[in-house]
Every structure is written in structure tokens, then in C-alpha cells.
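The structure appears right after this line, and notes come after that.
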Amino acid sequence: MNAKMKVLSLALVGLCGFAGSAMAVCPAGPTTPDGGAWTSAVTQPSAAASPAVVAVPGLDGSECKLTTALAVGNTAASSFVRYNHAASEPNYRFQFLVDTSNLLAFSSSSNVVIYQAPATTAANGFNRLLRVVLVQGNGSATRVRFIAQTSAGAHIATSTFATDLAPGVHRIEGKLGVGAGAAGQLTYWVDAAAGTTEPAASGTIANLDNAAWGGVSAASLGLTAPSAAFVAAAPGNGGKTVGFDTFDSRRQTYIGH
Amino acid sequence: MKVNVLCGALLAVAFSASAGAQTCASPVTTWHPDGGGSPDLNGSTCGNETGILSTCSGANGAPSKAYVARVTIAAQPQGSFNGITLTDTSGGAFHALLAVVPAASPCPDGSGDVSPCATSGDTANPVQHTNISPGDYFLIVTGNDLDIGAVPGCGTFTLHADGTLPVTLQGFTVS
């Protein structure tokens with residue numbers, strides 16, 4: 001079985017509900033009341049200060065994308081959308097595009113969460129199974145870090161993709177297994193070559209022993225939990241727009257593109 | 001064992017340490033800047049324990065050698081500080097960052113739960129916090145992930161308070 005749980009490309013969603021010009025295929029907003037597909041949007045301290053809005057064009061040739069930004073100087077700022085899955089998912093694959101073109105000022109303590117997989121059950125003080133975080137690369141460049149929950153030690157296991165992300169659009173895919181011992185594992189791909197056959201992984205985190213969290217209950221995409229250095233005005237990335245697009249999740253097979 | 005006690009030293013009894021074992025419970029030194037921010041705190045992360053800081057919910061993995069100080073933030077309004085500047089004096093030997101972690105949280109030494117940062121900063125971004133809650137905090141200077149496997153991956157630094165940092169080190173223990 002290969003159940004595709006959700007494709008949340010804003011353009012695809014828009015095409016289902018709109019007709020006419022290219023502009024018209026975009027929903028008014030990312031959430032269902034505005035014609036989008038996401039369950040909710042979180043914009044703290046306000047929608048004006050940390051907007052999460054639909055913009056054109058998309059990142060993959062489609063019509064629309066989600067753009068997010070965080071209020072300058074506010075480490076409590078958030079700008080993300082969330083989709084609540086219908087069931088708890090112990091075998092979870094996800095993929096999304098993120099545009100880092102405007103993130104040009106990373107320093108030693110800069111970091112921001114761009115994707116989260118909330119858990120069905122909170123355990124060991126965490127209500128999530130996975131975070132994908134942008135951190136500093138060489139100089140002011142960016143790298144992507146995967147932070148998975150584990151039953152061992154400090155309950156956090158990390159893996160940082162050891163190549164800087166050049167400013168631009170990047171495709172991030174992951175496969176998260178939730179289970180006892182070695183059944184809990186994260187495999188990830190960063191900017192994998194085109195194709196639908198699963199290639200060699202960019203990285204893995206093995207033996208997570210994460211059964212206590214049950215499974216993935218939702219997907220959160222956007223910016224949240226920034227460090228002070230990230231939301232600084234200068235040098236920093238406060239107020240800088242970050243685009244997201246083409247979120248896809250499924251249970252079994254590699255997503256690819 | 002030498003016990004140095006400042007300002008009443010109510011916390012000194014909680015500390016035990018051995019030389020070179022840089023842990024949250026054994027801060028390496030005192031820092032008690034006056035109203036003008038003097039003196040600066042000069043230190044080095046080299047020779048200290050690694051892996052102390054897996055804090056900020058893992059966002060700052062910071063597996064490299066760490067320098068730990070414990071400070072007490074006085075009650076408001078004195079408890080607002082608005083600037084600690086971190087300077088890498090090693091010539092770029094490491095990717096220095098400073099995390100401020102509530103001491104009430106489990107020590108982020110890898111043996112317990114990971115503590116959230118009250119705030120953090122680095123050489124480009126001074127630590128700034130205008131409404132930090134009064135209490136005890138760890139100041140942890142370390143390097144980030146880029147220092148994994150790097151040689152030396154550690155270095156010297158200077159912390160400078162902007163003159164409004166009302167921290168008072170209650171006590172510390174070194175051997």
C-alpha cells in the first residue's frame with residue numbers, strides 16, 4: 001500500500017477551487033477558510049508582524065507558494081501553517097521546498113525551525129517527533145539540521161547535512177519511522193537528483209527508539225522558534241521572507257520529483 | 001577543594017567539581033561586573049568538557065568544548081540587562097556562541113533533558129534581554145556544529161557587559 005496522505009501544494013489546491021487567470025488559481029490564504037488546504041496558521045505576535053501568506057509565483061513552476069517572515073527582534077515570533085492528519089502515522093514520509101534566497105546572514109547562534117512533525121503523544125517533555133532547522137554553515141551561509149526525539153539520553157538526536165545550502169530553492173525529503181529500538185529511524189535527502197527511485201540518503205539518524213511518541217499527528221511548515229541572532233535586524237534575518245511550497249506526505253514510497 | 005563564596009554564597013553548597021571538569025555544576029570562574037561593566041570576563045573553552053551544550057532544544061547542537069559560568073539575575077527592575085558582547089579573541093579558531101540557560105532547568109550536559117535557552121547570541125549578535133526573569137542562569141560559551149572535528153575547535157574569548165548587567169555570582173566551587 002502506498003497511501004498518499006496529503007499533497008498541500010498551494011497551486012494544486014487553488015486549481016481545485018478556482019478557475020481563470022494564473023493569479024486566480026491561488027487561494028486568498030493558506031488555510032481552508034481562505035481556500036487553502038492547511039488546517040490553521042500561526043502568526044505571532046501578529047499576522048502583520050509575522051505574516052504567513054500566499055504569494056506568486058510558486059517555487060516549482062506552479063502558480064503559488066507560502067511566504068513567511070518573523071518579526072524583527074522577537075524570539076517568540078512564529079509564522080507557519082499546520083495540517084492535522086486524520087490518523088497517527090508511524091511510517092511517515094514528507095517533502096517540501098524552501099527558498100533560502102533571502103537568508104544571507106547566519107552567525108554562530110542563528111537558527112530557526114522550518115518544519116515540525118508533531119507527535120500523537122507527548123513523551124519525555126516533547127510533543128513532537130522531528131524538527132528541521134536552519135543553522136549556520138560556513139561564514140554566513142546556511143545548513144539544514146534534523147532534530148529527532150529519542151528515548152535515550154537527552155531525548156534529542158541530531159544530524160546536520162554537511163553541505164551549505166546556497167541561497168535559493170531547496171528540496172528536503174524525509175522518512176521517519178516511529179517504533180521501538182531500531183524501528184525508530186530518520187532518513188533524509190537534501191536536494192536529491194530528479195527521479196522517483198529512492199537514491200542514497202543524504203543522512204540518517206538510527207535507533208531512535210521513539211515508540212513513546214506514537215506517530216506523526218500533523219505537519220507544521222514555516223518559521224518558528226528562532227534564536228535571537230536569527231531575528232536580529234542586522235546582521236540577522238528578522239523580517240526576511242522565506243518561501244515554502246509543494247508539501248507532500250505519504251506512508252510508503254519515496255516521493256522524489 | 002577551594003571554595004570561594006561571594007554575596008552570601010547560598011549556592012556554594014550545591015557545587016562540587018574537579019579541575020577541568022567544566023559542567024554546569026562547576027562553573028569555571030566568577031564574573032561580577034560593576035555598574036560600568038568592568039571587568040570583562042576573559043576565558044578559553046579549550047581544555048574544557050565537550051558536549052555540555054545541547055541546548056535550545058537541540059537547535060544549538062554545540063558539541064564542542066564549553067566554558068560555563070553561573071550567575072544570578074537580581075529582581076526587577078535591576079534584573080533587566082541589555083547587552084553581553086561576546087568577542088572571539090582566538091582569531092577565528094572556533095565558531096563562538098553564548099547561551100543563557102536557566103539553572104532551574106536540568107543541566108544541558110547530555111545526561112538529562114535538554115534545557116531551553118533564555119536567550120543566546122554570538123560574536124555578531126550581542127546577547128540582549130530586557131525582561132529576563134530573576135534567578136540563576138548558566139552562561140555557556142562554546143562553539144557550534146562547525147567545530148566538530150575541527151582543530152583546535154576551541155579558543156579564547158571575552159565577555160563584556162554593557163554596564164547594566166546586574167548579575168551577581170552567588171558562589172562557585174573549584175578544586
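The values are calculated or read from the model by the stated rules, or taken from the named source; none is laboratory data. Treat the numbers as computed from the prediction; the structure is a model and nothing was measured. Please note: Cβ atoms are built from the backbone with ideal geometry, for glycine as well, and neighbour counts cover all protein chains shown.
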State yes or no: is A:ARG250 charged (D, E, K, R), surrounded by fewer than 23 Cβ atoms within 10 Å (Cβ to Cβ) and over 30 Å from B:LEU97 (Cβ atoms)? yes
Quick check on my filter: what residues within region A:132-149 are hydrophobic (A, V, I, L, M, F, W, C) and more than 7 Å from chain B (Cβ to nearest Cβ)? A:VAL132, A:LEU134, A:ALA141, A:VAL144, A:PHE146, A:ALA148
Please find, among B:LEU97, B:LEU165, B:LEU146, the residue that is within 17 Å of the chain's Cα centre (by Cα) and modelled with pLDDT of 75 or more. B:LEU97
Output yes when any residue across region A:154-173 is aliphatic (A, V, I, L, M), more than 17 Å from A:ASP99 (Cα to Cα) and in contact (Cβ under 8 Å) with a residue 60 or more places away in the chain, and no when none is. no
For region A:23-46: of the residues being over 25 Å from A:HIS257 (Cα atoms) and assigned to a helix (DSSP H, G or I), which is modelled with the lowest pLDDT? A:ALA24
Count - residues of region B:135-165 that are acidic (Asp, Glu), crowded, with 19+ Cβ neighbours inside 10 Å and farther than 16 Å from A:SER107 by Cβ: 0
Suppose we keep only residues that are facing chain B (nearest Cβ under 9 Å) and aliphatic (A, V, I, L, M) within region A:225-246. Which one would you say is surrounded by the fewest Cβ atoms within 10 Å (Cβ to Cβ)? A:ALA225
Looking only at region B:100-118, which residues are surrounded by fewer than 24 Cβ atoms within 10 Å (Cβ to Cβ), at the interface with another protein chain (Cβ under 8 Å from one of its Cβ atoms) and either at pLDDT 85 or above or out of contact with any Pro (no Cβ under 7 Å at 6 or more places or on another chain) (or both)? B:GLY110, B:SER111
Pick out the one residue from A:THR187, A:THR142 that is more than 23 Å from A:LYS65 (Cα to Cα) and among the hydroxyl-bearing types (Ser, Thr, Tyr). A:THR187
Exclusive hit being surrounded by fewer than 21 Cβ atoms within 10 Å (Cβ to Cβ), touching a Lys or Arg at 6+ places or on another chain (Cβ under 6 Å) and outside any loop (DSSP other than H, G, I, E, B), set A:ALA218, A:ALA212: A:ALA218
Does A:ALA152 fit the bill of being surrounded by 17 or more Cβ atoms within 10 Å (Cβ to Cβ) and either more than 10 Å from chain B (Cβ to nearest Cβ) or touching a helix residue (DSSP H, G or I) at 6+ places or on another chain (Cβ under 9 Å) (or both)? no
If A:ASN102 satisfies all but one of (1) within 14 Å of another protein chain (Cβ to nearest Cβ); (2) under 16 Å from A:GLY243 (Cα atoms), what's the number of the condition it fails? (1)
Filter region A:179-198 for residues that are in a loop (DSSP other than H, G, I, E, B) and in contact (Cβ under 8 Å) with a residue 40 or more places away in the chain; the one that is surrounded by the most Cβ atoms within 10 Å (Cβ to Cβ) is A:ALA192
Can you tell me which residues in region A:155-178 are within 14 Å of chain B (Cβ to nearest Cβ), surrounded by 15 or more Cβ atoms within 10 Å (Cβ to Cβ) and part of a loop (DSSP other than H, G, I, E, B)? A:HIS155, A:PHE161, A:ASP164
